[in-house]
1. What's the number of the condition Glu10 fails, among (1) out of contact with any strand residue (DSSP E or B) (no Cβ under 7 Å at 6 or more places or on another chain); (2) among the acidic types (Asp, Glu); (3) modelled with pLDDT of 90 or more?
2. Give the number of residues within the range 64-115 that are hydroxyl-bearing (Ser, Thr, Tyr) and either under 20 Å from Ala50 (Cα atoms) or within 17 Å of the chain's Cα centre (by Cα) (or both).
3. List every residue pair whose Cβ atoms lie under 7 Å apart, where the two residues are 6 or more positions apart in sequence or sit on different chains, the first residue falls within the range 20-49 and is loosely packed, with under 13 Cβ neighbours inside 10 Å, and the second residue, located anywhere, is assigned to a helix (DSSP H, G or I).
4. Say whether the condition of being at pLDDT 90 or above and either within 19 Å of His86 (Cβ to Cβ) or of a type in the set (A, V, I, L, M, F, W, C) (or both) is met by at least one residue in the range 56-66.
5. Select, from Ile25, Ile40, the only residue that is of a type outside the set (Ser, Thr, Tyr) and within 28 Å of Asp71 (Cβ to Cβ).
Amino acid sequence: MLVLSRQKNESIDIGPDIEVVVVDIRGDKCRIGINAPKSIPVHRREVTEAIKRNGEQRPFARCALLNMPPDVADAYESFKLAIMRHRLDGWREIGRQDLLDCLTALADLARSDAA
C-alpha cells in the first residue's frame, strides 16, 4: 500500500482520469473529493461490501448510464447511493415507503406529457 501525506486542498492523481482531493480536515476526520469518469464506480467500503454481499449492482446495469445526459446520470447515481446508504442504515432517516412514494412521483413526472 502506498501511503501519502496531503494537506487541505492538495490532491493525488490515480492514473490519468482519477483525482482524489483533500477537501477538509476536522479533528480525526478527513473529507475527500473524488473526480472519476462515470464508468468507474466509486463507493465507500461498506457500500461496496453490501453490493458484493447482495448482488445489488445487477439491477442497475440495464439503465445504461453512459447513454444518459450527464445531469440525469449524476442525479441517478446520487439517488442510487443515497438509497443504498439509507438501507444500510436501517431506514432510520426516511421510511422505505416514503422513499418509494418519491420514486413513484418521479416516475409519474417522467410519464407526464405536460410541459
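The values are calculated or read from the model by the stated rules, or taken from the named source; none is laboratory data. The structure presented is a predicted model; accordingly, all values stated were derived computationally and were not measured. So basically every Cβ, Gly included, is an ideal-geometry build from the backbone, and we count neighbours across all protein chains shown.
1. The number of the failed condition is (1).
2. Residues flagged as hydroxyl-bearing (Ser, Thr, Tyr) and either under 20 Å from Ala50 (Cα atoms) or within 17 Å of the chain's Cα centre (by Cα) (or both) within the range 64-115 amount to 2.
3. Going by the 7 Å Cβ cut-off, the qualifying pairs are Ser39/Leu66; Glu46/Leu88.
4. No, because not a single residue in the range 56-66 is at pLDDT 90 or above and either within 19 Å of His86 (Cβ to Cβ) or of a type in the set (A, V, I, L, M, F, W, C) (or both).
5. Within the list Ile25, Ile40, the selection yields Ile40.
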